[in-house]
Amino acid sequence: MQKKERIMSGMRPTGKLHLGHYMGVLKNWLLLQDHYDCFFAIADWHALTTKFDQTENLRQDILDVALDWLACGINPEKSTIYVQSLVPETAELHLLLSMITPQNWVERDTTLKDMVKMLRAEPINKQIIIDEDETTITETYSKLLSYGLMGYPVLQTADIIQFNASLVPVGKDQLAHLEISRDIVRRFNHLYKTSLIKEPQPKLTETPLLKGIDGQKMGKSFNNDIKISDSEEVTTKKIMRAITDRTRIQKTDKGHPELCEVVCPYYEIFADEETVKKQRHNCENALWGCADCKRELASIINSQFKDIREKRLELEKNPAYIQEIIQTGSQKAKTEAALFLKEIKKAMRLY
Ligand code: TRP
Ligand code: SF4
């Protein structure tokens, strides 16, 4: 029997996942795990590249990612779920790859550039300094950009190639990193006259861009997201807060679905065609108010996530089981990574 093709992907643990993660990433992983040999990393080292100074919740964040994945149906019998830092072989491979990666390749990485730009723009530390004349000076420091952050794409390359994965399901934003991965692989194979490592190809996810309830990009830090793990009550409350067609002031005003930037697209994503038709009709003819429209949307979303949420609550009661999944998966990933690292070192003529 032919061995299944390998897939590798990961997420940084930054807290509980939201509906955007589910629709954009997890749904896709669920389909893939039936046809490929999948490795999914909870990339805690990658989280440290920018959040080295905020590790208070790191353990919990890792657990939350594992819980969300499992609740959504990532199946540890089919896929290997592991924690990046529990596979230290990745760090050794990262070091080796860093030797052959030209500095200007990482400097050109547009995804990394965007991360740096965002970090620079983020005021993180307002300090009040009283100088000799008792004047108050407020200074805003931008975050320290570490040496480790510069290695982000190289570390990600190590994640991928340690399993010799051929496909990497990611969103568009990760393409620049992945291009570097392929360049590094090509360079490795060329330098050491081998064809050992496969060039990992991106498997683009058609991400239905799910906006936050305020119409901006959905994100934890913007406080506009709906979590997979939110209760029905919280979900409903959040949806009731969503922005709508601003020209519709009273219930008797006719609405304009095309101006309703959050509720309407959510209907398109979560509701069936019939329901969408009814919803638009009711809006355009002022047959219902925005509150009715949102309440129905909330109930559609709540029913879709009911099983996942129940499963998550069950899993939360059993932390020992989650630990076991993480440890078993990481052990398996470690074994695979160690095997391949040996080959890589041999090709480089190391011991
Ligand atoms: N950088 C990815 C992100 O921010 C997460 C990640 C870490 C990853 N390692 C990976 C993705 C390996 C694909 C393959 O989402
Ligand atoms: Fe938006 Fe629904 Fe209100 Fe129409 S009725 S403006 S679709 S929330």
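Just to be sure I understand, how many residues within region 309-324 are assigned to a helix (DSSP H, G or I), free of Cβ contacts under 8 Å to residues at least 40 places away in the same chain and not polar (S, T, N, Q)?
Residues of region 309-324 assigned to a helix (DSSP H, G or I): 309-316, 319-324.
Those left that are additionally free of Cβ contacts under 8 Å to residues at least 40 places away in the same chain: 310, 313-314, 320-321, 323-324.
Checking which are not polar (S, T, N, Q) leaves us with 310, 313-314, 320-321, 324.
Counting residues in region 309-324 that are assigned to a helix (DSSP H, G or I), free of Cβ contacts under 8 Å to residues at least 40 places away in the same chain and not polar (S, T, N, Q) gives 6.
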Can you pull out every residue in region 287-310 that is farther than 30 Å from PHE40 by Cβ and open to solvent by 30 Å² or more (accessible area, probe 1.4 Å)? LEU287, CYS290, ALA291, ASP292, ARG295, GLU296, SER299
Among the residues of region 304-312, is any aliphatic (A, V, I, L, M) and within 23 Å of ILE184 (Cα to Cα)? no
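Could you please find all residues in region 8-67 being assigned to a helix (DSSP H, G or I) and in contact with a Lys or Arg (Cβ under 6 Å, 6 or more places away or on another chain)? Reasoning before the result, please.
Step one: of region 8-67, the residues assigned to a helix (DSSP H, G or I) are 19-32, 44-51, 58-67.
Selection gives HIS46, ALA47, ASP64, LEU67.
Right, ARG349: outside any helix (DSSP H, G or I) and over 22 Å from the mean Cα position of the chain (by Cα) or not?
Working: outside any helix (DSSP H, G or I): yes; over 22 Å from the mean Cα position of the chain (by Cα): yes.
It is true that ARG349 is outside any helix (DSSP H, G or I) and over 22 Å from the mean Cα position of the chain (by Cα).
Take the residues in region 1-13 that are more than 9 Å from ligand 1 (Cβ to nearest atom) and either open to solvent by 20 Å² or more (accessible area, probe 1.4 Å) or under 10 Å from the mean Cα position of the chain (by Cα) (or both); name whichever of them is modelled with the lowest pLDDT. Talk me through it step by step, then tell me what you get.
So the first thing to find is which residues in region 1-13 are more than 9 Å from ligand 1 (Cβ to nearest atom), and the list is 1-7, 13.
Among the residues that remain, those that are also either open to solvent by 20 Å² or more (accessible area, probe 1.4 Å) or under 10 Å from the mean Cα position of the chain (by Cα) (or both) are: 1-6, 13.
Details: MET1: 55, GLN2: 59, LYS3: 81, LYS4: 91, GLU5: 95, ARG6: 97, PRO13: 97.
Once the filter is applied, the top-ranked residue is MET1.
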Going through (1) within 21 Å of SER9 (Cβ to Cβ); (2) in the same structural domain as HIS94 (by TED's automatic domain parsing); (3) touching a residue at least 60 places away in the same chain (Cβ under 8 Å) one by one, MET218 fails only at (2)
Examine region 325-348 for a residue that is open to solvent by 80 Å² or more (accessible area, probe 1.4 Å), of a type outside the set (Val, Ile, Thr), closer than 28 Å to ILE213 by Cβ and without any contact (Cβ under 8 Å) to a residue 12 or more places away in the chain, and state whether such a residue exists. no
Any residue in region 87-109 that's charged (D, E, K, R): show its pairings with residues that are not in a loop (DSSP other than H, G, I, E, B) at Cβ separation under 6 Å, as long as the two are six or more apart or on different chains. GLU89/ALA337; GLU89/ALA338; GLU89/LEU341; ASP109/PRO153; ASP109/ALA176; ASP109/ILE180
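Within region 209-237, track down each residue that is out of contact with any helix residue (DSSP H, G or I) (no Cβ under 9 Å at 6 or more places or on another chain) and modelled with pLDDT of 95 or more. Reasoning before the result, please.
Here is the first cut: in region 209-237, the residues out of contact with any helix residue (DSSP H, G or I) (no Cβ under 9 Å at 6 or more places or on another chain) are 215, 220-223, 233-234.
Correct list: GLU233, VAL234.
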Which pairs do you get when a residue that is surrounded by 12 or more Cβ atoms within 10 Å (Cβ to Cβ), found in region 48-65, comes within reach of a residue that is at pLDDT 95 or above and in a loop (DSSP other than H, G, I, E, B), reach meaning Cβ atoms under 6 angstrom, with the pair 6+ apart or on two chains? ASP61/PRO13; ILE62/PRO13; ASP64/LYS16; VAL65/PRO13
With the structure loaded, tell me whether LEU313 is open to solvent by 80 Å² or more (accessible area, probe 1.4 Å) and of a type in the set (A, V, I, L, M) or whether it fails that test. yes
For region 142-250, which helices (runs of 4 or more DSSP H) that fit wholly inside it have 2 or more residues that are touching a strand residue (DSSP E or B) at 6+ places or on another chain (Cβ under 9 Å), open to solvent by less than 60 Å² (accessible area, probe 1.4 Å) and under 21 Å from CYS38 (Cα atoms)? 152-161, 175-191
What about ILE74, is it in a loop (DSSP other than H, G, I, E, B), assigned by TED's automatic domain parsing to the domain that holds LEU341 and closer than 28 Å to VAL234 by Cα? yes
Just checking, does region 257-270 include any residue being out of contact with any strand residue (DSSP E or B) (no Cβ under 7 Å at 6 or more places or on another chain), of a type outside the set (Asp, Glu), touching a residue at least 60 places away in the same chain (Cβ under 8 Å) and under 24 Å from ILE308 (Cα atoms)? yes
Quick one: GLU261 ticks every box in (1) of a type in the set (Asp, Glu); (2) in contact with a helix residue (DSSP H, G or I) (Cβ under 9 Å, 6 or more places away or on another chain); (3) within 10 Å of ligand 2 (Cβ to nearest atom); (4) within 28 Å of LYS27 (Cβ to Cβ) bar one, so which box is it? (2)
Going residue by residue through region 295-315, is there one that turns out to be within 27 Å of the chain's Cα centre (by Cα) and within 11 Å of ligand 2 (Cβ to nearest atom)? yes
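The values are calculated or read from the model by the stated rules, or taken from the named source; none is laboratory data. The model shown is predicted, which means the values in this text are computed figures rather than measured ones. Heads up, the Cβs are rebuilt from the backbone with ideal geometry, glycines too, and the neighbour counts pull from every protein chain shown. With ligands, DNA and RNA removed, areas are computed over all heavy atoms of the protein, side chains included. Shrake-Rupley method; radii C 1.70, N 1.55, O 1.52, S 1.80 Å.
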